[in-house]
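The values are calculated or read from the model by the stated rules, or taken from the named source; none is laboratory data. Owing to the predicted nature of the structure, the values given are computational and were not obtained by experimental measurement. Ideal geometry is used to build each Cβ from the backbone, glycine not excepted, and the neighbour counts take in all protein chains shown. The accessibility values were calculated without ligands, DNA or RNA, using every heavy atom of the protein model including side chains. Shrake-Rupley method; radii C 1.70, N 1.55, O 1.52, S 1.80 Å.
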Amino acid sequence: MKNKKKVLETVIHGIFLILGLITVGCVLLISVYLVVSGIPAIREIGIIDFLFGKEWSSTSSDPEYGILPFILTSIYGTAGAILLGVPIGFLSAVYLAKIAPPKLKAVIGAAVSLLAGIPSVVYGLVGMLVLVPGIRMLFGIPDGASLLAAIVVLAVMILPSVIKVSMTALEAVPKEYEDASLALGATPVETYFRVSVPAAKSGIAAAVVLGIGRAIGEAMAVMMVSGNVANMPSIFQSVRFLTTAVASEMSYSSGLQRQALFSIALVLFLFILLINATLNFFLKRSKEK
Amino acid sequence: MKKFISLTLVALIALVAFSGCGSKGGTVSTDGSTSMENVIGALKEAFEKENSGVTVTYNPTGSGTGITAVLEGRCDIGLSSRSLKEEEKAEGLTETTLALDGIAIIVNPSNPVSDLSLENIAKIYKGEITNWKDVGGNDGEIVLIGREAGSGTRDGFESITDTEDECKYRQELTSTGDVITTVSGNPNAIGYASLASVKDTVKVLSVDGVSPSEATVQDGSYKVQRPFVLVTKTGAELSETAQSFMDYITSSEVSDIISAAGAVPVK
């Protein structure tokens, strides 16, 4: 009887191991595929020309494959979204975690979760129909599809992750810290910003990094509001991100153009790996504390 | 255990059901141009109604991919919204013109301009004319809306207007619908889209005095047009079902269906 149980245990362990390996297998498969299909074009174009070339015209008779405009656009776009989204998200999180009455907290919390559940194509559609014409009229420019429109959309999209993760971090701060601060005569607001926030800072940093990851990887919504022309980034210009460069041309591409798209995906993949590494670093530090 | 057995049974029944329908009717696979979606969709529906059990599949991947798919034998009939290039014919492909499609030049309904010459369209897209007042419109910077690199409509438009690689687009969008939505939302925008999919939310311009319609596309007086072609392997025999589909869609009896879908039949 005991033996039978042992066999069953082993079998179940084996099944779980296989299920776990499926995930690892997928990651490995995608990474290997991306590297294998991304390297040839980089070698053919030359890494310097590819990464620092300012001209992208993949289908012209004399094609150019420089992705510097895409890289800079992705960096500027993400930075803009962080500058706009993090203050709003962070302060909302402080309010929700510390100040808001429970009923209001439940309502706002539900709204935030709902925001997280909206598909990105809906963000794009609303951006295209409301935000783009709005920007055109507000700033008096010929067309509103621009880096600014993309930044606004991305800022809204990162709000839920920034709010949720910072909230969790703030709520995990031991109540004793705050009580001590209050007992020493600090006002509640002083307590939140001098005691709670510093104690939760690695969690909040993780929220910011998560936001960066979400913003840099978004394709659909951005494609619908940014205009998709391979210009060097400028706030009111039509721009193309790393993600949209891959997505907009993939369906019709062939030959070196397609290989170059894989190389762009590889560059994006490396960016995201870097962000994940940073995230892990922050999370680890917050655990060690 | 009971659950497992019943699941297996369900799977088996499903398998039998599906394989049965496959062997009786047969499938025709088509692959290619996204601009041909309406036409192929309508023809597929009519053909499937007349031949029960036959399935026609359509994979909207783009003209280039469709042509490659035929060459590699991944589909029966390739769909291309441009004529085959000489080197593609040399690789062993044959084209059959299914229909013609006018590319409409569209502007916002509030724009007073209603006619442009082909030459002026080229100049506008090359960035030589940048203000609507130079072509008889209001004072406003022209906003050029186009399609992404590789799109059949873009390829068709640029080769007809002779502006290849020279267009100074403000926006490159990935679908006809997006182009129409964007043009309808910006008073100074100009764009191009397949005549078949143009809606009332935008104004269609006439070119050199000829407004696009079935008649003007057919007799060639409307210049901005392109063919919808069916691509097959030269010499290779199609499957029986694919051949009968091919015969059906190139016959004269379907011309009503083609025009109802917005394209212009050849004859």
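Brief remarks follow.
- Within the listed set A:Ile163, A:Ile18, A:Ile235, the Gaussian network model of chain A (springs between alpha-carbon atoms below 10 Å) gives the highest mean-square fluctuation for A:Ile18.
- Lysine pair count for chain A (Cα-Cα distance under 15 Å; residues 8 or more apart in sequence or on different chains): 7.
- Measuring r between the beta carbons of A:Leu8 and A:Val107 and using R0 = 51 Å, the FRET efficiency lands at 0.60.
- Segment B:Ser114-B:Glu166, length gained on full extension (0.36 nm per residue, minus Cα span): 16.3 nm
- Alpha carbon centroid spacing (whole Å) that separates the range A:138-201 from the range B:207-226: 59
- About the Cα centre, charge dipole magnitude for chain B (Lys/Arg +1, Asp/Glu -1 at Cβ), debye: 960
- Counting only residues at least eight positions apart within a chain, or on another chain, the aspartates and glutamates with an alpha carbon under 14 Å from that of B:Lys223 are B:Asp101, B:Asp115, B:Glu119, B:Glu158, B:Asp162, B:Asp208, B:Glu214.
- Residues losing 30 Å² or more accessible surface upon assembly, the range B:150-180, compared with the chain by itself, 1.4 Å: B:Gly150, B:Asp165, B:Arg170, B:Gln171, B:Glu172, B:Thr174, B:Asp178
- Antiparallel bridge percentage (DSSP; both residues within the range B:101-225; nearest 5): 60
- Overall, the accessible surface of chain A at a probe of 1.4 angstrom is composed of carbon and sulfur to the extent of 72 percent.
- Of A:Phe139, A:Phe50, A:Phe236, the residue with the greatest mean-square motion in the GNM of chain A, using alpha carbon springs below 10 Å, is A:Phe139.
- The contact residues of the range A:192-231, meaning those that lose at least 50 Å² of 1.4 Å-probe accessible area when all protein chains sit together rather than their chain alone, are A:Val229.
- Distance from the range B:228-264 to the range A:1-26 (C-alpha centre basis), Å: 55
- In order along the range B:183-193, the phi-based Karplus estimate (6.51 cos²θ - 1.76 cosθ + 1.60, θ = phi - 60°) of 3J(HN,Hα) comes to 5, 6, x, 10, x, 9, 8, 9, x, 10, 7 Hz; Gly and Pro are listed as x.
- Within 10 Å of each Cβ in B:184-192, the average number of Cβ atoms from other chains: 3
- Whole-number percent relative contact order across chain A, with pairs defined as alpha carbons under 8 Å at least 6 apart: 25
- Charge dipole (chain A, unit charges on Cβ, about Cα centre) - positive-most of A:Ala180, A:Phe50, A:Ala205: A:Ala180
- Relative contact order [Cα under 8 Å, 6+ residues apart], the range B:122-267, whole percent: 19
- Accessible surface, per residue, of the protein assembly as shown when the full set of protein chains is kept, probe 1.4 Å, Å²: 49
- Chains B and A together bury roughly 2000 Å² of accessible surface, counting both sides and using a 1.4 Å probe on protein heavy atoms.
- Computed over chain A with a Gaussian network model linking Cα atoms closer than 10 Å, the most mobile of A:Met137, A:Met128, A:Met220 is A:Met137.
- The accessible surface of the range B:101-225, taken with every protein chain in place and a 1.4 Å probe, is 42 percent carbon and sulfur.
- The protein assembly as shown: antiparallel DSSP beta bridges as a percent of all, rounded to 5: 60
- Residues in the range A:107-149 that, when all protein chains are in place, have 20 Å² or more less accessible area than the chain alone would give (probe 1.4 Å): A:Met128, A:Leu129, A:Arg136, A:Pro142, A:Asp143
- Assigned charges on the beta-carbon of Lys, Arg, Asp, Glu; the protein assembly as shown dipole about Cα centre (debye): 3500
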